[in-house]
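A short worksheet on the structure shown next.
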Amino acid sequence: METSSKISQIWMLCACGSFISCFIFLICLKHNEAGYFKARSGEDEGNIIQKNSKNKCNIFEGRWVYKPKESPYYEAQQCPFLSEQVSCQKNGRPDFDYQNWSWEAHHCVIPSLNGIYMLERLRGKRVIIVGDSLNRNQWESLACLLYSTIPPSRAHVDVRSGSYKVFKAKDYNVTVEFYWSPFLVQFKSNKPGAPKVLRLEKLDPSSRLWQGADIMVFNTGHWWVHIGKLKAWDFFEYEGRLVNELKLESAFEVAMRTWADWIDQNVNLNKTTVFFRSISPEHKAQNGCYNKTQLITDKSHATHFSESLTEIVERTLSQMRIPVRYLNITELSEHRVDAHPSVYAKKKGKELVKRKLKPPESFADCSHWCLPGLPDTWNRLLYASLVLDHPTDSHSLSHLVS
């Protein structure tokens, strides 16, 4: 009887031990599965994949690959707030191939854009995009990408103002704002007939609203090179006096220094990531962009748009205390002569293509970009820059500039 009791106790201990072992095994299996799915989720969200260990990943060096079976990230009709200036299909553009080119880096795989993943990465954050109409072009692209992935009732968009536009994703607490500031410094246009003054040592008044943003994207350049009737200012204000003899490059460098000083003094490096987008190339020369539906495939091609201003930007960024990531989209955009609105835009509510008084080459828009289109690639590279393990800063600027 005693022997039987001992055997029963042993069996009970074995059973308990087996139960505990199985329980521990299931916990471990669940943990491993969770880790697996978490890893897969990270892969799906899109990390930059290095092709080999010999070459450093430079997302701005690569080639355009035609992918006719891939759809653009969104359809223009999904975003009722897109401006007439960039709604090329709505304005009668008959071809679609310009929407089917994908940028591929030489030494790494760049994640594709996904609006939901980007909203998750931006959850609780405020993004500001500051600059001229080319940065407005980028804002429209980003706002449309995000807007098209969520129910319209869960978004708020206000584009009524020419100087301020905003997109909000309510469920993600994400805000993407655009501030019109083509010079970054203060442009003072007084009463009609009074001189127009560009104040080189005073930042744009909207700068008080930039503070506290989590991600900042700036640009400037195009308005500085306007001449003749398109020139915006009559005088520079420099060192407390009005001058008109100041060399353009000197004035631009003072303005860039004013902006850089503000960034160095007002940005909290632990909270905010600052980007500066390089100059978007124009294709007005060499017969313009009219009727151009193919990329420029000549690898040596370059428009050389404002090289002196580009050098000043790069030098300024390299001297800053706050690291600024450089979105160097100039060279990759130079080949996209096919991606401009050309005559498929509207001016004062009238389609340019319907204007018969002048040859179309004379009024084709070869500065801005159709949407969907090239600015979506700029935002894809912005997203890639946000997920890079080793963000580009002023000390590694040489790796990004061509």
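The values are calculated or read from the model by the stated rules, or taken from the named source; none is laboratory data. On a predicted model such as this, the values are computed, not experimentally measured, just so you know. Here Cβ is always computed from backbone atoms with ideal geometry, including for glycine, and neighbour counts include all displayed protein chains. What goes into the accessible areas is simple: the full protein's heavy atoms, side chains included, and nothing from ligands, DNA or RNA. Shrake-Rupley method; radii C 1.70, N 1.55, O 1.52, S 1.80 Å.
Odds and ends about this structure:
- Per residue Cα convex hull volume in Å³ - calculated over segment 208-292: 158
- Close amide H partners of G62, meaning residues 5 or more places away or on another chain with modelled amide H under 5 Å apart, are H106.
- On the basis of the beta-carbon distance and an R0 of 22 Å, K229 and N190 show a calculated FRET efficiency of 0.75.
- Inter-part distance where segment 184-209 and segment 66-81 are each reduced to a Cα centre, Å: 38
- Straight-distance crosslink candidates among aspartates and glutamates, where the alpha carbon sits under 13 Å from K170 and sequence neighbours closer than 8 are dropped: E120
- Computed label-point distance, nm, for sites D171 and K347 using a 7 Å Cα→Cβ extension: 4.3
- Sequence-ordered 3J(HN,Hα) estimates for segment 139-150 from the Karplus curve with 6.51, -1.76 and 1.60 and θ = phi - 60° stand at 4, 4, 4, 5, 4, 5, 4, 6, 4, 6, 9, 10 Hz, glycine and proline given as x.
- Cα-Cα P(r), segment 118-241, percent of pairs per 5 Å interval: 2, 10, 18, 20, 16, 12, 8, 6, 5, 2, 0
- Extended-chain gain in nm, criterion 0.36 nm per residue less alpha-carbon gap, S206 and S161: 14.8 nm
- Within segment 121-237: Cβ-based charge dipole about Cα centre, in debye rounded to nearest 20 (Lys, Arg +1; Asp, Glu -1): 220
- The stretch between F96 and Q78, if pulled fully straight at 0.36 nm per residue, gains 4.8 nm over its current Cα-Cα span.
- Fraction of accessible area attributable to carbon and sulfur, segment 65-387 (%, probe 1.4 Å): 49
- Residues of segment 147-167 with amide N under 11 Å of a point placed 7 Å along Cα→Cβ from I116: 149-150
- Cα-based Rg / Dmax (Å) for segment 65-387: 19.5, 59
- Estimated vicinal HN-Hα couplings, Hz - segment 117-130 in sequence order (Karplus 6.51, -1.76, 1.60; Gly, Pro = x): 4, 5, 4, 4, 5, 8, 3, x, 10, 10, 10, 10, 10, 10
- Residue pairs exceeding 21 angstrom between C-alpha atoms, taken from K188/K284; K125/K165; K67/K292; K90/K292; K125/K271; K67/K90: K188/K284; K67/K90.
- Ranked by the mean number of other Cβ atoms within 10 Å of their residues, highest first, the peptides 360-368, 180-188, 325-333 fall in the order 325-333, 180-188, 360-368.
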